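The values are calculated or read from the model by the stated rules, or taken from the named source; none is laboratory data. Source: prediction; values computed, not measured. A quick note on method: Cβ atoms are made from the backbone with ideal geometry, for glycine too, and the neighbour counts reach across all protein chains shown.
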Amino acid sequence: MPYVSPWREPVPSEGTMGEPRARGRFGEYGGRYAPESLVEACREVEAAFREAWADPGFRGALAELLTLHAGRPTPLTPARRLSQELGVRLYLKREDLAHTGSHKINNVLGQALLAARMGRRRLIAETGAGQHGVAAATAAALLGLEATVFMGERDMERQALNVFRMRMLGAEVVPVTTGSRTLKDATSEAMRHWVGVTGDSHYCVGSVVGPDPYPWMVREFQRVIGDEARAQCAAELRTGVPDHVVACVGGGSNAAGTFAGFADTPARLTGVEAEGAAGAARGRPGVLHGSHSLFLQDDDGQITPAHSIAAGLDYPGVGPEHAHLRGLGRARYVTVTDDEAAGAAIRLARTEGIVPALESAHALAWVIRAAGDGELAAGSTVMMTLSGRGDKDISTLKELL
Amino acid sequence: MTNPTLAAGPVERHLRARRDTGRGLLMPYVTGGITPGWTDYLRAFVAAGADAIEVGLPFSDPTLDGVTIQQAGDTALARGASTRRILADLAGIPEPGVPLVASTYYNLVLHDGSEAFCAALRRAGVSGLIVPDLPLHEADELAEAAAAAGIELALLASPSTPEPRLAEISRRSRGFVYAVSLMGTTGERAALAASAAELTARIRRGTDRPVLLGFGISTPDQAREAGRHADGVVVGAAVMRRVLDGAGPDDLRAFLATLRRALDQECDAPR
Ligand SMILES: Cc1ncc(COP(=O)(O)O)c(C=O)c1O
């Protein structure tokens, strides 16, 4: 049975998705559970980020890169034919049109600028689908930094196109052969590597996970999605604010950035996870990769491997702020299956001429299901973030077609 | 100033007493559940002259361990090892004569809850605890639960730890201070890192609690050199590589005896 966590009414919004409390806490979640050897490095990143984020010069430089290099703002596209079929008014926030083909570029340009400001000469990144790795390699090339990307061997096979793109951009791609050979293991390996090179390398975490300040910092760098969408909705919609805001959730960065723009509105926020990787929907509290959050675990407390057709969702946990939003009932988290996601990808291609990333197709799959079973009332407006484009998934989709 | 030995628990008292005889301390590590008869390694360690033994409770995602201890953990987990089973094994052996110190990642502590976890350690005869992904500023809850259960929670200090924090770690650590010799993960290294001597000296300025150097110490020469700076050494990957290669308790006893001799020679040498 697909899992649905509850919303609570009335929707609490005061102060949610602001700065975390002391020690990087979102409610009871978050924190900085880093080995002692990384604590000082995390403190330095936090201090640098605080200072940069308050500096109009830094904000201006980032805004310029986002415009001139990454092609922002991305459009809000009404999905006309699909809306007609579904009986709801669906709008797509087109992160697939951002440079490198996904929202990952937003975060990476921010962190690469920060790394350069901190005097670091190299970026370290983990990647699942390869989109964060490609974005990191791109930002590194743009700013004259080196890049080392850790990627699970299994993901290197299923996302071979992105491995080639990273290498073409001059990045070193390090295969990770431990554990499930996917995103979780790539993240562990990147952290292990960082311990030895904190002096000259910045760990560019790819989602709203990791030790404080990463969940907060990455959400702030991604909030451009939500801020733009909010303004676009205000201009486009009669009601100004959509009834529903939907995004897929791996670690949760595109969803966090999207939700941040709507946290103080009456819009209902829904995060869509992969059925086999539902950290927010089905995880239990735990600590992994530096923060206290929700993780899939067995009865002994061992982390259980996730399974998803979408490499970028194939992570057994979720960022701590999502755990908190779930606890508050401000957002809810639902799951869809591999088949539903693949079906949604094909449907979007054929109705709107957009081939979405399999990750993003999860969000759409839920919209399709919820419009069908009446959970999305007929005629309601839905703003969905289309986090990336599907080129990288063509070989996976080919097997399914 | 209060006399720290008065507040010290059994692990610290034991290590202090041995150190004060001029002995370099040796704490070998074994991954719990690595082989069917894994507790035999404990006996061999004691016979070789171990002063305390670190028992790893394997975790699926050991983010501070290098390949050897990762492999050891995976092997143990594949054999069905779990916190519960390892502690049951320990409860079933005769009192080893030296303190047992559990080490694991924080998720396994949280999973049981700090209080229940510490109580279970205690029942199994474990008296110390190391949690490498639980830094000082997150350790309050576990430190309290450990103290209540009579478990000494040793904190780690790193070459990158800045000054006021280092003093706080030394002050709040129980049993001993675990000095991480280098900026890296566990695993054998060709030489003792230069950062080891400096870190140990910095810790010593703030405390006379025993200081054990760990990470990368794998040969008698390295143990001898480490013994010149610290009160003793922790030897993990060098032990577990041998275990993974099929070495039995007797082989490990012979290997650890070479480290024991090196530490003893260092202590006999004029300072
Ligand atoms: C296109 C796309 N969407 C979503 C994700 C999931 O990440 P997050 O949940 O951080 O947005 C990824 C990750 O690789 C991705 O490439």
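Here are a few things to note about the model shown:
- Qualifying residue in the stretch A:107-116 (condition: crowded, with 20+ Cβ neighbours inside 10 Å and within 14 Å of another protein chain (Cβ to nearest Cβ)): no
- Of the residues making up the stretch A:264-273, those that are in contact with a helix residue (DSSP H, G or I) (Cβ under 8 Å, 6 or more places away or on another chain) and away from the ligand (no atom under 15 Å from the Cβ) number 1.
- For the stretch A:117-134, the set of residues classified as under 20 Å from residue A:48 (Cβ atoms) and buried (at least 24 other Cβ atoms within 10 Å of the Cβ) consists of A:120, A:123, A:124, A:125, listed by residue number.
- The stretch A:188-236, residues that are among the polar types (S, T, N, Q) and either closer than 27 Å to residue A:130 by Cβ or part of a strand (DSSP E or B) (or both): A:188, A:198, A:201, A:207, A:222
- Residue among B:223, B:262 that is closer than 29 Å to residue B:172 by Cβ and either of a type in the set (A, V, I, L, M) or over 16 Å from the mean Cα position of the chain (by Cα) (or both): B:223
- Matching option when the condition is modelled with pLDDT under 95 and aliphatic (A, V, I, L, M), among A:22, A:54: A:22
- Top-ranked residue of the stretch A:82-106 - restricted to ones that are in a loop (DSSP other than H, G, I, E, B) and under 16 Å from residue A:223 (Cα atoms), ranked as nearest to the ligand (Cβ to nearest atom): A:103
- Test: residue in the stretch A:119-136 that is out of contact with any strand residue (DSSP E or B) (no Cβ under 9 Å at 6 or more places or on another chain), over 30 Å from residue A:349 (Cβ atoms), assigned to a helix (DSSP H, G or I) and in the same structural domain as residue A:169 (by TED's automatic domain parsing): no
- Residue that is farthest from the other protein chains (Cβ to nearest Cβ), among those in the stretch A:26-62 that are touching a residue at least 12 places away in the same chain (Cβ under 8 Å) and in a loop (DSSP other than H, G, I, E, B): A:27
- Of all residues in the stretch A:274-325 being in contact (Cβ under 8 Å) with a residue 12 or more places away in the chain and among the acidic types (Asp, Glu), the one that is nearest to the ligand (Cβ to nearest atom): A:314
- Test for residue A:329: is it within 14 Å of chain B (Cβ to nearest Cβ), on the phi > 0 side of the Ramachandran plot and more than 13 Å from the ligand (Cβ to nearest atom): no
- Single match in B:49, B:37 (criterion: surrounded by fewer than 24 Cβ atoms within 10 Å (Cβ to Cβ), part of a loop (DSSP other than H, G, I, E, B) and within 16 Å of the chain's Cα centre (by Cα)): B:49
- Every condition in (1) within 29 Å of residue A:25 (Cβ to Cβ); (2) within 15 Å of the ligand (Cβ to nearest atom); (3) not aliphatic (A, V, I, L, M) is met by residue A:388 except one, and the failing one is (1).
- Listed conditions (1) within 14 Å of chain A (Cβ to nearest Cβ); (2) surrounded by fewer than 17 Cβ atoms within 10 Å (Cβ to Cβ) are all met by residue B:160, apart from (2).
- Test result for residue A:210, within 14 Å of the ligand (Cβ to nearest atom), within 30 Å of residue A:67 (Cβ to Cβ) and at pLDDT 95 or above: yes
- Here residue A:390 meets the list (1) buried (at least 24 other Cβ atoms within 10 Å of the Cβ); (2) in contact with a Pro (Cβ under 7 Å, 6 or more places away or on another chain) almost entirely, failing just condition (1).
- Candidates in the stretch B:172-201 are the residues that are in contact (Cβ under 8 Å) with a residue 40 or more places away in the chain and within 14 Å of chain A (Cβ to nearest Cβ); of these, the one that is nearest to residue B:134 (Cα to Cα) is B:178.
- Condition broken by residue A:239, with the remaining ones in (1) more than 11 Å from the ligand (Cβ to nearest atom); (2) not in a loop (DSSP other than H, G, I, E, B) satisfied: (2)
- Positions within the stretch A:172-193 being more than 10 Å from every other protein chain (Cβ to nearest Cβ) and either surrounded by fewer than 24 Cβ atoms within 10 Å (Cβ to Cβ) or under 20 Å from the mean Cα position of the chain (by Cα) (or both), in sequence order: A:172, A:173, A:174, A:175, A:181, A:182, A:183, A:186
Rundown of residues vs (1) assigned to a loop (DSSP other than H, G, I, E, B); (2) surrounded by fewer than 23 Cβ atoms within 10 Å (Cβ to Cβ), yes/no style:
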site: B:12; (1), (2): no, no
site: B:16; (1), (2): no, yes
site: B:29; (1), (2): no, no
site: B:58; (1), (2): yes, no
site: B:62; (1), (2): yes, no
site: B:71; (1), (2): no, yes
site: B:88; (1), (2): no, yes
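- Subset of the stretch A:192-210 [of a type in the set (Ser, Thr, Tyr) and either touching a strand residue (DSSP E or B) at 6+ places or on another chain (Cβ under 7 Å) or under 12 Å from residue A:111 (Cα atoms) (or both)]: A:201, A:203, A:207
- Test for residue B:120: is it within 14 Å of chain A (Cβ to nearest Cβ) and buried (at least 21 other Cβ atoms within 10 Å of the Cβ): no
- Summed over the stretch A:107-143, the residues that are within 11 Å of the ligand (Cβ to nearest atom) and in contact with a Lys or Arg (Cβ under 8 Å, 6 or more places away or on another chain) give a count of 6.
- Whichever residue in the stretch A:280-326 is acidic (Asp, Glu) and buried (at least 21 other Cβ atoms within 10 Å of the Cβ) and, among such residues, is nearest to the other protein chains (Cβ to nearest Cβ): A:314
- Scanning the stretch A:248-262 for residues that are surrounded by 24 or more Cβ atoms within 10 Å (Cβ to Cβ) and either more than 10 Å from the ligand (Cβ to nearest atom) or within 14 Å of chain B (Cβ to nearest Cβ) (or both) returns A:259, A:261, A:262.
- Residue, farthest from residue B:112 (Cα to Cα), within the stretch A:276-317, restricted to residues that are in contact with a Pro (Cβ under 8 Å, 6 or more places away or on another chain) and part of a helix (DSSP H, G or I): A:277
- Annotation: residue A:85 fulfils all but one of (1) surrounded by 24 or more Cβ atoms within 10 Å (Cβ to Cβ); (2) of a type in the set (D, E, K, R); (3) farther than 23 Å from residue A:392 by Cβ; the unmet one is (1).
- Every residue from the stretch B:32-68 that is within 14 Å of another protein chain (Cβ to nearest Cβ) and of a type in the set (Ser, Thr, Tyr): B:60, B:63, B:68
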